[in-house]
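The next block holds one structure in the form of structure tokens; read it before the comments.
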Amino acid sequence: GNGAGKSTLLRIMYLEGERLRRSLIAGCEYVQDRRAELNRINVFPVPDGDTGTNLALTTASIADGLRAGRHDSVGVIAHRAADAAILGARGNCGMILSHFLLGFSRSVGDRVRLSAAEFAASLDEAVAHVYRSLEKPVEGTIVTVMREVAEEAQDSDDPDFFDLVEAMLTRARTALEQTPDLLPVLRAAGVVDAGAKGFVHMFEGIVAFVHGDPFVALERAPVFDDESAPVARVEYPAVSERFRFCTEALVRGAGLPPADAVRGALQPLGDSLIVIRSDDILKIHIHTDQPEAVFGWLRETGHLVTHKAEDMAVQHAAVERAAAGHVHLARRPLSLVADSACNLPPEIARAHGIHIVPMLVVFGDEVLRDGVDLDAATFAQRLAAGERATTSQPPPGIFLEAYRRAAADGETVVNVTVASALSGTYRSAEAAARQLDDTPIRLFDSRAAGLSQGMLVLRAAELAEAGRGVDEILTELDRIRAQSGLLFTVDVFDNLLASGRVGRGKVMIAGLLDIKPVLGLEDAGSVAPVTNVRGSHNVPARLVEIIARQLPRKPTALRFGIMHVGRPAIVDEVAGLLRRRFGERETIVAPATPVIATHLGAGAWGVAWQLED
């Protein structure tokens, strides 16, 4: 039966999809609001102060995946949670949590509901899956608490979920308190394990939901009374931590190698290796000195969707610097914000912890947040059905909220905006920055949009992960921006004309003659015609030819982005032309986000390039 509170009449005798969905969302939100506390005590396996951030980003991905819609089947919801966790997993703990949810999902299968005994059996299988998947499970960490919680469920003969989750939470808290007895580094720092505490917080959120307790988000990061964060008092283990870069990657493709084969190939390159293999997705985490060797091997297996290599020694140095300045939060030097016009795929934004501010798409009286309330596929369908939309910049309040979230992660916030020549978004971002006094905020006008802007955001993230300073990063973005670009073509000019993004006097179209325009961005970021091409089938080759003329003869560090509005078939053709002309290059592929698609119209597509030479 249904029960939000405990009485002799209200009991919870089974778990179905909607109850699991709402419970997991509550647990994920609870973890996200405790990220600062978890970062502050994060001393194992490396004192880099990012366990809270990693778990927050992982659980945000899970919650986003579950908000997509309700379902009565517990199997469907478990599968959805596991998929979202894998796509958003960051760090050791995020990867382990993903394995836990994957094991649970596989055990549940396609069942519509679970009894308490069936739930306990699935938890037991989830933990077994975690232990099988880890090279060296370490007791005193999140795996210990997971195991103890599952054992409590197995030991219980109470069929009522209300009582069962209470008992499981009590056992989880006891196991958490004992983690310093199992790991000397925790005992020396006087803390419990951060990842284990994150898992307990997730359970606390779930139990609060089951009790019907309101979830109250923290307004600001908590203030701590002690002199410095425990993570800052722990010396970086330069002797025992043999590898420098915390490296993660996500690969998609058919026929990916099995997890054991991936482990066998990557184990010689580092340690702390965790591999997740599910359907057409492969996710890895490894500490290594050779991230490019890892990425190179993965490119041979499928499409490398995301990859990052974070310098753990730099992270710990930032934590120590914060402590020396009596700043009690463990934060990295830089945190990134961008508006949704950057068109970065969600997997990439999450992998690098980039805070995306949604721009607004308006259908009549309906105002939707780009990428939140409205995705690219749905928008393309509405365009094809003849609906017309306009766009609006985010108000300063939305930027202010994003700045505060970003400030919890970084000492300085950098916001890479859509071109100020195309949108008033820059002014809105600037107005919000003036309202935040306690964190430096640096604005960078990308003078671009779509993946041309997005790849600048991505490059900033990569430089920050490598330990570059804020001024150095902004100087580098300025240099790269000047030698990168975007070319695109549209099927109809109505959208660009209506929005004022291109002047009617500059447009030369002969629709009856099948003459297609190739457009680009001028230095300031405004749209300008580049050439016209006779025959739409000739546009891809001509566009690639124009790009080649803009680049040095043998570019070394070069990547591309391909975006389209409801025209996925163009991707393989254009990618093939780019490959034949420039060799194998990293290529980001994404449908145009609704705010970009509004101005380009159905059938439009384009190529962005970024040259780092």
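Numbers below:
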item: Hey, R447 at pLDDT 95 or above, over 12 Å from R481 (Cα atoms) and among the basic types (K, R) or not; result: no
item: Hits in the stretch 179-216 (condition: part of a loop (DSSP other than H, G, I, E, B), touching a residue at least 12 places away in the same chain (Cβ under 8 Å) and open to solvent by 20 Å² or more (accessible area, probe 1.4 Å)); result: G190, V192, G212, F215
item: Candidate set: the stretch 534-543, residues that are within 11 Å of V518 (Cα to Cα) and open to solvent by less than 60 Å² (accessible area, probe 1.4 Å); chosen: the one modelled with the lowest pLDDT; result: S536
item: Where N39 falls short, out of the listed (1) over 24 Å from S272 (Cβ atoms); (2) assigned to a helix (DSSP H, G or I); (3) at pLDDT below 90; result: (1)
item: Tally of residues being touching a residue at least 24 places away in the same chain (Cβ under 8 Å) and assigned to a helix (DSSP H, G or I) across the stretch 263-304; result: 12
item: Close pairs from the stretch 92-112: first at pLDDT below 95, partner surrounded by fewer than 24 Cβ atoms within 10 Å (Cβ to Cβ) and basic (K, R), Cβ under 6 Å, at least 6 apart; result: none
item: Residue check for S335: modelled with pLDDT of 90 or more and open to solvent by 40 Å² or more (accessible area, probe 1.4 Å); result: no
item: Evaluation of A548 against (1) in contact with a Pro (Cβ under 7 Å, 6 or more places away or on another chain); (2) among the aliphatic types (A, V, I, L, M); (3) open to solvent by 10 Å² or more (accessible area, probe 1.4 Å) (one fails), failing number; result: (1)
item: Residues of the stretch 548-569 classified as out of contact with any helix residue (DSSP H, G or I) (no Cβ under 7 Å at 6 or more places or on another chain) and of a type in the set (A, V, I, L, M, F, W, C), total; result: 3
item: Residue among S107, S73, S23 that is in contact with a Gly (Cβ under 6 Å, 6 or more places away or on another chain) and more than 30 Å from A188 (Cβ to Cβ); result: S73
item: Cross-chain or 6+ apart pairs with Cβ under 6 Å, the stretch 55-77 first and within 18 Å of E18 (Cα to Cα), then part of a helix (DSSP H, G or I) and among the acidic types (D, E); result: R70/E18
item: Breaking point among (1) in a helix (DSSP H, G or I); (2) under 19 Å from D124 (Cα atoms); (3) among the charged types (D, E, K, R), for D158; result: (1)
item: Residue count for the stretch 148-161, restricted to those that are within 35 Å of the chain's Cα centre (by Cα) and open to solvent by less than 20 Å² (accessible area, probe 1.4 Å); result: 4
item: Unique match (being more than 20 Å from H201 (Cβ to Cβ), aliphatic (A, V, I, L, M) and surrounded by 22 or more Cβ atoms within 10 Å (Cβ to Cβ)) among L102, L123; result: L102
item: For G69: the one exception among (1) on the phi < 0 side of the Ramachandran plot; (2) assigned to a loop (DSSP other than H, G, I, E, B); result: (1)
item: Test: R299 is surrounded by fewer than 21 Cβ atoms within 10 Å (Cβ to Cβ) and at pLDDT 90 or above; result: yes
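The values are calculated or read from the model by the stated rules, or taken from the named source; none is laboratory data. Treat the numbers as computed from the prediction; the structure is a model and nothing was measured. As a convention, Cβ positions derive from the backbone with ideal geometry for all residues, glycine included, and neighbour counts pool all protein chains shown. In case anyone asks, the SASA skips ligands and DNA or RNA and just uses the protein heavy atoms, side chains included. Shrake-Rupley method; radii C 1.70, N 1.55, O 1.52, S 1.80 Å.
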